[in-house]
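Only one structure is covered here, and it is reproduced in the block below.
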Amino acid sequence: MIVSGPTYAEMQDPRRQPEAFRQRVLAARDQELDPLNLFNITWRRPDGTINYIVLPSALTGVEANIIVLLGKDFPSGSHKVGPVYTTLLEAELDGRVSPERQTLVGPSTGNFGIGTAYVARLKGYRAVVVMPDGMSRERYDRIRRYGGELDLTPGTESDVILTLERTHEAYMHRPEYLVLEQFSLLPNYRFHRAVTGRAALEAASAEGNGRVALFVSAPGSAGTLAAGDEIKAAHADAVVAAPEPRECPTLYSNGVGQHRIEGVGDKMVTLIHNVGTTDYVLLVHDEDALWGLVGVQETPLAGTLGISSVANIIAAVTMAQHLGLGRGDNVVTVATDGFDRYPSVIEDLRRRTGRQFQSQMIRWCSMPFAQSTPVEILDVRTAEQRERLFRQKDAVWTRLGYPKELLQRMRGRDYWKEEAAKTASIDTEYLRRRGPVAEG
């Protein structure tokens, strides 16, 4: 038996569900492993409003509104659970998977893997998470807590290509496994375009001039960048910026390297990244994100942000300054998770810096979203830059066996519009099979 969950439309707004059922779902938040928590996959708070904060100018140093969507309150502690769920939902609809026949495999550097183990637990599947062996201890602990098994590959965040290669070699072509491959499967794109993108638009509608001037999201799988496509569909003049670790400037300059911003900077242009709608790429020093995370713990935002969240905010502030955005302008970014995944990362920073830790912490408390390195921003809207990014994508994915014809179609706008439009038919078919949820 397959455990049911929400449609795309119900994730956009759970108030579509009967009120009595919604109250049961909200009560399940206190029982993490209650399958009803699948219906809590949403950007909305229990009162129906979008879960976001507007950062005080005293912390950002800019007049523009920096709006941060908060992912830590999703089931499993990260919004990455959403793409896991939708990828599995679409596979179940296609009849390709069931708990009796398949084990779920989630290639990841952390949050997607945690989401894989969590959704598998709630829906009765066995789960294997393939990830680098150099990530934060808390990530592995959470996966094991949900019953997931770990298949570790050498390296850290920047070595995710080894994780992908391991996944393709060991699991992709074996019928007893279903690979939830976040870097290439379109349900990831659909979730963020349909759910995250509309949440961003609604959050901004209540602030400043009601529009989104800038959307900022550092790509790991690049799924969250799909929200930028939805924003651009509503506000054609909106700008989308993709920050990367300065130590691994893949989109910026075809560069590679090791870095400490877990969850982003994966050394490749992912298959689901619609590079045609990314306007700017900019670099964030990984140490700035680490120290910013330390500084934030001494503010009212303590516990709210993870390391990639801080990197996103640093980039949002930098881009707001670069674009000359001011009072009334809205910048939207995303906090993928909270601090609970990173105490061991801060412990490592404390060990590395020794006596300097306390003085540095005091410095970063007052301005946790500042940059200590020169601003490095690249406009990628030119034909030359677009072609460079397209070629980068082609190089990675033809190597993994994807046809050139598909990659060519991905260069056009129609491909992404068609993929986004599929959510309506998916919801219709899913509702036909699931039926209405029980009201009592």
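The values are calculated or read from the model by the stated rules, or taken from the named source; none is laboratory data. Quick caveat, the model's predicted, so the values are computed rather than measured. Reconstructed Cβ throughout: ideal geometry from the backbone, glycine too, with neighbour counts over all protein chains shown.
Summed over region 248-266, residues that are under 16 Å from residue 161 (Cβ atoms) and surrounded by fewer than 20 Cβ atoms within 10 Å (Cβ to Cβ) total 5. Filtering region 211-235 to residues that are touching a residue at least 60 places away in the same chain (Cβ under 8 Å), within 26 Å of residue 424 (Cβ to Cβ) and either in a loop (DSSP other than H, G, I, E, B) or outside the structural domain of residue 309 (by TED's automatic domain parsing) (or both) leaves 211, 212, 217, 221, 223, 224. Is it the case, given these coordinates, that residue 397 is assigned to a helix (DSSP H, G or I), at pLDDT below 95 and within 30 Å of residue 233 (Cα to Cα)? For residue 397, the condition - assigned to a helix (DSSP H, G or I), at pLDDT below 95 and within 30 Å of residue 233 (Cα to Cα) - is met. The number of residues in region 296-330 being assigned to a helix (DSSP H, G or I) and not small (Gly, Ala, Ser) comes to 12.
If the condition is being surrounded by 15 or more Cβ atoms within 10 Å (Cβ to Cβ), of a type in the set (A, V, I, L, M, F, W, C) and either in contact with an Asp or Glu (Cβ under 7 Å, 6 or more places away or on another chain) or farther than 15 Å from residue 57 by Cα (or both), then region 323-377 contributes 323, 334, 335, 339, 345, 346, 349, 357, 361, 364, 365, 377.
Count of region 152-192 residues, restricted to those that are among the hydrophobic types (A, V, I, L, M, F, W, C), under 15 Å from residue 399 (Cβ atoms) and touching a Ser or Thr at 6+ places or on another chain (Cβ under 9 Å), is 4. For region 94-137, the candidate set comprises residues that are over 14 Å from residue 180 (Cβ atoms) and either without any contact (Cβ under 8 Å) to a residue 60 or more places away in the chain or not assigned by TED's automatic domain parsing to the domain that holds residue 151 (or both); within that set, the residue that is farthest from the chain's Cα centre (by Cα) is 100.
Condition check ((1) surrounded by fewer than 17 Cβ atoms within 10 Å (Cβ to Cβ); (2) not hydrophobic (A, V, I, L, M, F, W, C)) across all residues:
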position	(1), (2)
125	no, yes
129	no, no
142	no, yes
161	no, no
167	no, yes
170	yes, no
174	yes, yes
178	no, no
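Has region 346-368 got at least one residue that is under 22 Å from residue 213 (Cα atoms) and either outside the structural domain of residue 111 (by TED's automatic domain parsing) or at pLDDT below 95 (or both)? No, there is no match, as no residue in region 346-368 is under 22 Å from residue 213 (Cα atoms) and either outside the structural domain of residue 111 (by TED's automatic domain parsing) or at pLDDT below 95 (or both). Give region 247-289 a look and list any residue that's assigned to a loop (DSSP other than H, G, I, E, B), closer than 18 Å to residue 316 by Cβ and either under 19 Å from the mean Cα position of the chain (by Cα) or β-branched (Val, Ile, Thr) (or both), or say none. If the condition is that a residue be assigned to a loop (DSSP other than H, G, I, E, B), closer than 18 Å to residue 316 by Cβ and either under 19 Å from the mean Cα position of the chain (by Cα) or β-branched (Val, Ile, Thr) (or both), then 261, 263, 264, 265, 278, 279 are the ones that fit. Of all residues in region 23-35, those being surrounded by fewer than 20 Cβ atoms within 10 Å (Cβ to Cβ) and either in the same structural domain as residue 145 (by TED's automatic domain parsing) or in a helix (DSSP H, G or I) (or both) number 8.
Listed here are the residues, each with its yes/no results for (1) in contact with a Pro (Cβ under 7 Å, 6 or more places away or on another chain); (2) more than 30 Å from residue 235 (Cβ to Cβ).
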site	(1), (2)
315	yes, no
319	no, no
328	no, no
339	no, yes
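Just one of the numbered conditions (1) of a type in the set (Lys, Arg); (2) farther than 30 Å from residue 316 by Cβ; (3) surrounded by 11 or more Cβ atoms within 10 Å (Cβ to Cβ) is not true of residue 393: (2). Need pairs with beta-carbon distance below 8 Å; first residue without any contact (Cβ under 8 Å) to a residue 12 or more places away in the chain and farther than 10 Å from residue 278 by Cβ and within region 377-399, second assigned to a helix (DSSP H, G or I) and not aliphatic (A, V, I, L, M); sequence gap 6+ or separate chains. Close Cβ pairs (under 8 Å, with a partner that is assigned to a helix (DSSP H, G or I) and not aliphatic (A, V, I, L, M)) amount to 398/404.
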